[in-house]
Amino acid sequence: MSASLGLYRLQQVDRQIDRARSQLDTIRQTLENDVELREALKRVETTQAEHYRASQELKSLEAEVQTHKIKMEQAESSLYGGTVKNPKELQDLQKDIVSIKKYITALEERELESMMRAENTENALQSAKTELELMQARLGNEHRKLIDEQSVLITEMERLTEEREAALGPIESTLLATYEYLRQQKRGVAVTEINDNSCSSCGATLNAALQQNARSAKQLMNCPSCGRILYSN
């Protein structure tokens, strides 16, 4: 995969997020005179963020517990498998196993606490969503279309946030930093396609060598005119 392809895919998600966020902002401005609704929306957003953090913490602890269980199994296999004969090495293995067991116990306690936090934040999120839905039901027909659109957008933002996390996976941190900088400088468009031998953003003509380099799996090429990252499919 070319260096620019991952960023191009990320930008597609980010632009969808930008559009959804802009639409949500417009709807909120329309409904901003309803203080109760604003507070209910804020509670949904806050509990969503809290539940996401709790879920990520739980996933991390589960992975760490599994890693140390594998280490303990390997140490026990060495201890009881007969391959280690040296008494000092056997003693060290026993100490390692005891230490790993203690650490796993501590991790599992943290994992249980994290699991409870994840469950509590999920319940809080569902409660906040239910409260919002009940409040929206009271608003009547005047804002019904906006409220329905808002509900769809909130769900869409949740999906896009997960999609963005997946898109970030294969991207190196240095490339991501370049992308984020250009996003800020270029009105949200950091990566631009090459169409008909030209930059699709500014129209600058691009030579064959530059277009070929834009397909590189290792490096990024920038439009010599507008400075955006070039992407060629």
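Remarks
- Residue match in region 167-174 (condition: without any contact (Cβ under 8 Å) to a residue 12 or more places away in the chain, of a type in the set (Gly, Ala, Ser) and either at negative phi or surrounded by fewer than 17 Cβ atoms within 10 Å (Cβ to Cβ) (or both)): yes
- All conditions but one from (1) surrounded by fewer than 15 Cβ atoms within 10 Å (Cβ to Cβ); (2) in contact with an Asp or Glu (Cβ under 8 Å, 6 or more places away or on another chain) apply to LYS88; the one that does not is (2).
- Qualifying position, being out of contact with any Lys or Arg (no Cβ under 7 Å at 6 or more places or on another chain) and at pLDDT below 90, among ALA106, ALA63, ALA75, ALA49: ALA75
- Any hit, region 152-166, residues being under 22 Å from the mean Cα position of the chain (by Cα) and on the phi > 0 side of the Ramachandran plot: no
- Among the residues of region 180-233, the ones that are touching a strand residue (DSSP E or B) at 6+ places or on another chain (Cβ under 8 Å), farther than 24 Å from ARG19 by Cβ, aliphatic (A, V, I, L, M) and touching a residue at least 40 places away in the same chain (Cβ under 8 Å) come to 3 in all.
- In the set VAL13, VAL44, VAL65, only one residue is under 30 Å from LEU220 (Cβ atoms), in contact (Cβ under 8 Å) with a residue 24 or more places away in the chain and of a type in the set (Val, Ile, Thr); that residue is VAL13.
- Top-ranked residue in region 1-35 [being charged (D, E, K, R) and over 25 Å from GLN211 (Cα atoms); ranked as modelled with the lowest pLDDT]: GLU32
- Filter result (loosely packed, with under 15 Cβ neighbours inside 10 Å and either of a type outside the set (Gly, Ala, Ser) or touching a strand residue (DSSP E or B) at 6+ places or on another chain (Cβ under 9 Å) (or both)) within region 51-61: ARG53, GLN56, LYS59
- Selection from region 16-27 of residues that are without any contact (Cβ under 8 Å) to a residue 60 or more places away in the chain and not hydroxyl-bearing (Ser, Thr, Tyr): ARG19, ASP25
- Residues (exposed (fewer than 15 other Cβ atoms within 10 Å of the Cβ) and either among the aliphatic types (A, V, I, L, M) or under 24 Å from the mean Cα position of the chain (by Cα) (or both)) located in region 128-140: LEU134, ALA137
- Residues (crowded, with 17+ Cβ neighbours inside 10 Å, under 25 Å from LEU176 (Cα atoms) and small (Gly, Ala, Ser)) located in region 7-50: ALA20
The values are calculated or read from the model by the stated rules, or taken from the named source; none is laboratory data. The structure presented is a predicted model; accordingly, all values stated were derived computationally and were not measured. Note that each Cβ is placed from the backbone with ideal geometry, even for glycine, and that neighbours are counted across all protein chains shown.
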